[in-house]
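Below is one structure, written out as structure tokens, with a few remarks after it.
What follows draws every value from the coordinates through simple rules; no lab data is involved. Values in this document were obtained by computation on a predicted structure and should not be read as measured data. With ideal geometry, Cβ positions are generated from the backbone for all residues, glycine too; neighbour counts draw on all protein chains shown.
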Amino acid sequence: MGQLDAREHRAPSGKCRSLRQLRAGELFLNGKSLGSKPLGDATPLAWQVDFEPGTIKAVAKNGGKIVATHELRTAGKPAKIVLTSGSATLPADYDHVCRVLVRVTDENNETVPAARPH
């Protein structure tokens, strides 16, 4: 099964769009269907969605069969800082560097995209 491209928007409301090699798509917000739409031409499928915390899921179908899904979850309050490095060890000298990725996550390990210090 494939995966749909999706973008998360933090606006109070917005459009969710999806276009892949599919014949129909259905969008779910917190488990409730927002409707299924057939793909008529090259125009992306679009739903007007008011912001609501939780999960949004896009389901792509061909011939009634699910061929791809993608799900996004709203992040909660910042809970921890996660550091990930490109290597486990470094020599004890001044000639080496290590790239470290820093992410702020909530209690469920979802990245908090707009985390700010209080």
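Over region 75-118, how many percent of alpha carbon pairs lie in each 5 Å bin up to the one with the longest distance?
5, 21, 21, 15, 12, 11, 11, 3, 0
Please report, to two decimal places, log10 I(q)/I(0) for region 23-70 at q = 0.13, 0.18, 0.22, 0.26 Å⁻¹ as given by the Debye formula with identical point scatterers on the Cα atoms and no solvent.
Calculated log10 I(q)/I(0) at the listed q: -0.29, -0.54, -0.78, -1.02.
What order, most packed first, do the peptides 88-95, 56-63 have when packing is the mean number of other Cβ atoms within 10 Å of each residue? Before the final figure, lay out the partial values.
Details: 88-95: 7.0, 56-63: 18.8.
Top of the packing list down: 56-63, 88-95.
Checking the cross-link filter: which lysines have an alpha carbon closer than 27 Å to that of Lys32, excluding same-chain neighbours under 8 positions apart?
Lys15, Lys57, Lys61, Lys65, Lys77
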